[in-house]
Structure formats: C-alpha cells, structure tokens
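Below are the structure tokens for one structure; questions will follow.
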C-alpha cells in the first residue's frame, strides 16, 4: 500500500446480535434509508436473491465518493528523509540535518501534475520514520529541526498554495506507524498523539480531499504492538475534512490489491459485508453510516462483488477501488532509477488498466534531493498526456444517429453522446439485456471503446459486447464484463459505419451515460 508493499491488516470485527435485535436494527436502518439513495444497504434476514440483486443495483456512491471517482487520475508525492538516505523505509533514527532540498519547488510538482491530467496530489506528510513534513508542535522530529530554509520551511504549506494556484486538490498520507515517536506502542497515549497530528494537518492545510492510511504496524519502544484506534481517526477526519474520502484503511476507498496499476477485469464497486455491525449502521444511518461498523481488512481476491459473493450478504456497501503504482520502481527517489522511469506508452497502458477498469489511478511521483521532479519523469508524463489527448480528441459517435428504446423523457438514447455525465440512457423497467445502435456520418476506423454507467443511479452492467455491421451482418468486435464509472477497451482497428453496444446482462435496467469510439494515434 505504500513504499514497502507492507500490509498489516487488522481482522474483521463481527457484531454478535440476537435474531430479534438484528431484525429491529435492520428495520430501523431500512426506514432511515428509504428517503434518499445511500451508499449502504442492509439486507433483511431471508431476503430473496432477486431482491438482493436489485438492492445491490441501487447502492450508490456518497457525494464525496462520487467527487473522488470523477477525478479519475491523481498523484502521490513520496518525499522525505528517505529521499536523502536512498532508502524506502526509515527507522526513525535519521537526523533532521540530512533534510535540505535546496531547490524545493512545490509549484513545479503541481504544474507537472496538472499538465499530466492529475486532479489531486496526495503528499506523504509523515512516513514510517515519523519525520513530519510540516513544523509540527507535537514533535521536534520535523522540518523545523532541519537546515532547510533555516528551519522555517513547510512542505505542506508550499504544496497547499501550489495546488490552489494550479487548480488541483490536495490530499495527505499520514502513516499511523511511527518509528520515532516514544509513545508508539502505548496505544491509548499514541492514538491521542496521532489524532492530534491529524488535527494539526487537517486544520492548517484545509481543504484536504483525501486522507490516505496504510496498515503498517509494529512494536513500540515498550515492546508492545500498537493498536490503532481507527474510529478515533475517522471521527477526526469527518469533523475537520467532511468532504475528504478516507482511503485504503478507511471506509470510503479501498486498495485495488496490487501496486502494479492493474485493476480487475471485473471490478464491482458494491461489495458485501464491508461492515457487519448492523447496529452501527442503523445508529449512524443519516450520516456516514459505514464508519462506526467498519474495520480495515484485506480485499485482494479476484472476485469481490459477483452475484455469488453477495448471495449471503448482510450488508452491501459502495466501496470503490483506487489503483496505485509508481512511475519508478521505488516510491522514493533513487538516483540509480533515473533510467528506469516508465515510458509514455507504459503509462498509457496503465491508464487503460486502472481508469479504464472502473478505478481511480494513483500514480506516484518522487521528487529528487533538490526538491524537484526529475526531467525524465516529466518527459514521460508529457509524452503520456500527448498520446491520450490525441487518442480521445475525436469521438466518432458524437455526430452519429442513435437508436435505443428508452424508459421515457429524459432517458433517451441520444444522452450517451452529449457531454454531460449526469444525463444517461436507460431502457424500460425490467429490461436487462437491451442494445443501443449508432449510425456514423460515414465509415470510420476505430480501435478504442469507452463506456460509462451513471453511477449516481448505481452500478448494474454485468456483461456487454460491441458489434460492427460488416458485409451485411453484425460482427462481434470486443466484449467485457463490468463497466462502472468508466470502462475502456482496446482492440484491433475496425472500419465500419454502423455499430451497436449490446448489454448481455444487467442487475436491473442498465444505464449508459457515455459511449465513445476512438482511434489510437
């Protein structure tokens, strides 16, 4: 999940409720949720599979989750004492004297990110070594004790100003594991200390749009393993950064399961039993219903949300995937990796396997010891952006004639070729295998398909295919399973004037917000 790939995940906490109490809480939660769409559904005992599937199709993202998903491509900044020790993990014994990025320019970081198409930068505010990238009042182990700018520097303040200037959002990574802090391992004391560090960051550098926790955990100086108070951390974030998603070891966004930038071919955003504490869901049903019953745990299986997986669910929760990787082999800067930066084409491939598979792509950048993103990294990002801009410049369907049965006014087939995500096509009630047909202005050659569901209504499509009319018959070109927020498929170039998208299976009436055909440069 971070530089180490180390994932110390706490176990699953199951609520032990009597049958009568369970029914009471389920009824309460269900009644509370009937008035508005929600990102959690509680399944009644004995509910039929048909009803469970329908309920799953109507779970939707929270406003903060939707805003996060629509960013699509965001960046990580790993920078700290490890940059100067040439390590991936520090031990907390590093002297602040080594931290002196004499040319640090957060404006360059933000400009590079914006020009690459990133909509947010998440900065490592504190890694496992405990060295704080802001002048914390809670420890001397921070930039204020370094020679950088005579101890008057503040990386987070620089970046916050730069993000505002270049029109991108800011997030923070704070490692709960702290190998320098003496209180670590004294669980109650350290938990308050860490929550206060969160409070410092979230208040001083607001607004923060994503808080990124990993599960790395160890023993403190007292020889005891720290027990994190996740609920305290969540409450602190919700109080001070209500629009922020809490990611990875939090209830809003999950880790996709690898650090390769490759998402699943079938990626469901609605998962079963992220929390089984039905009582907590009921008690918090009007605001952040998942938080109180959520315990961080590992979700790395190939199949997380299929019909088989949700068959016996007690709860269904919108819990989407963030797909992370680094532009270099490591997460922090290492001079020996200057020649090992991912190429523009490799980055394009990762865009397709992350954003194009219903995920948000989190790409790590590692500023060097000067405090600048290396020119090799910048060149790759510029090359990637040029390829993507060229590829998606012209949607051949934008001027086509569209035909598809619709549920009624406002749900017409033509909505899939406008530029508004909020408008969508939906067939009539109970139609789960419809098709939508396009007649282009003339023959066009294309090799990329884009599909988007309107996830504000839910994720529903289970499988689809693209056909082209050739030689007097429909010919299958490509096929896929889930769509979600965005699905991108590449295939050998095809020339045709008429195409159709066939939804072969959907949990209930499907939606399509956008359909596109493009040609790779």
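The values are calculated or read from the model by the stated rules, or taken from the named source; none is laboratory data. This structure is a prediction, so every number in the text was calculated from the model and none was measured. When we count neighbours, we look across all protein chains shown, and the Cβ atoms used for this are built from the backbone with ideal geometry, even at glycine.
Among the strands (runs of 3 or more DSSP E) confined wholly to region 340-457, which include 2 or more residues that are in the same structural domain as residue 327 (by TED's automatic domain parsing), out of contact with any helix residue (DSSP H, G or I) (no Cβ under 7 Å at 6 or more places or on another chain) and closer than 30 Å to residue 326 by Cα?
The strands (runs of 3 or more DSSP E) meeting that bar are 359-365.
Tally the residues that are closer than 25 Å to residue 55 by Cβ and crowded, with 21+ Cβ neighbours inside 10 Å, restricting the search to region 435-461.
Of the residues in region 435-461, 9 are closer than 25 Å to residue 55 by Cβ and crowded, with 21+ Cβ neighbours inside 10 Å.
Tell me which residues, restricted to region 330-339, are in contact (Cβ under 8 Å) with a residue 12 or more places away in the chain and either crowded, with 21+ Cβ neighbours inside 10 Å or assigned to a helix (DSSP H, G or I) (or both).
331, 332, 333, 335
Which condition from (1) at pLDDT below 95; (2) part of a loop (DSSP other than H, G, I, E, B) is the one that residue 280 breaks?
Tallying (1) at pLDDT below 95; (2) part of a loop (DSSP other than H, G, I, E, B), residue 280 fails exactly one: (2).
Say whether the condition of being assigned by TED's automatic domain parsing to the domain that holds residue 386, out of contact with any helix residue (DSSP H, G or I) (no Cβ under 7 Å at 6 or more places or on another chain) and on the phi > 0 side of the Ramachandran plot is met by at least one residue in region 106-117.
no
Test residue 124 against the stated conditions and say whether it is buried (at least 21 other Cβ atoms within 10 Å of the Cβ), closer than 23 Å to residue 161 by Cα and touching a helix residue (DSSP H, G or I) at 6+ places or on another chain (Cβ under 8 Å).
The answer is no for residue 124.
Let's see how each residue does on (1) touching a strand residue (DSSP E or B) at 6+ places or on another chain (Cβ under 9 Å); (2) under 22 Å from residue 69 (Cβ atoms):
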| residue | (1), (2) |
| --- | --- |
| 301 | no, yes |
| 306 | yes, yes |
| 310 | yes, yes |
| 314 | yes, no |
| 323 | yes, yes |
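Filter region 458-476 for residues that are assigned to a strand (DSSP E or B) and touching a residue at least 24 places away in the same chain (Cβ under 8 Å) and give the result.
Across region 458-476, the qualifying residues are 461, 462, 463, 464, 465, 466, 467, 468, 469, 470, 474.
Listed here are the residues, each with its yes/no results for (1) assigned by TED's automatic domain parsing to the domain that holds residue 118; (2) touching a residue at least 60 places away in the same chain (Cβ under 8 Å); (3) surrounded by fewer than 16 Cβ atoms within 10 Å (Cβ to Cβ).
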{"residue": "142", "(1), (2), (3)": "yes, no, no"}
{"residue": "168", "(1), (2), (3)": "yes, no, no"}
{"residue": "179", "(1), (2), (3)": "yes, yes, no"}
{"residue": "193", "(1), (2), (3)": "yes, no, no"}
{"residue": "200", "(1), (2), (3)": "yes, yes, no"}
{"residue": "212", "(1), (2), (3)": "yes, yes, no"}
{"residue": "224", "(1), (2), (3)": "yes, no, yes"}
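Related question: Just to check your reading of the model, which residue among 299, 232, 240, 265 is surrounded by fewer than 23 Cβ atoms within 10 Å (Cβ to Cβ), within 24 Å of residue 483 (Cα to Cα) and without any contact (Cβ under 8 Å) to a residue 60 or more places away in the chain?
299
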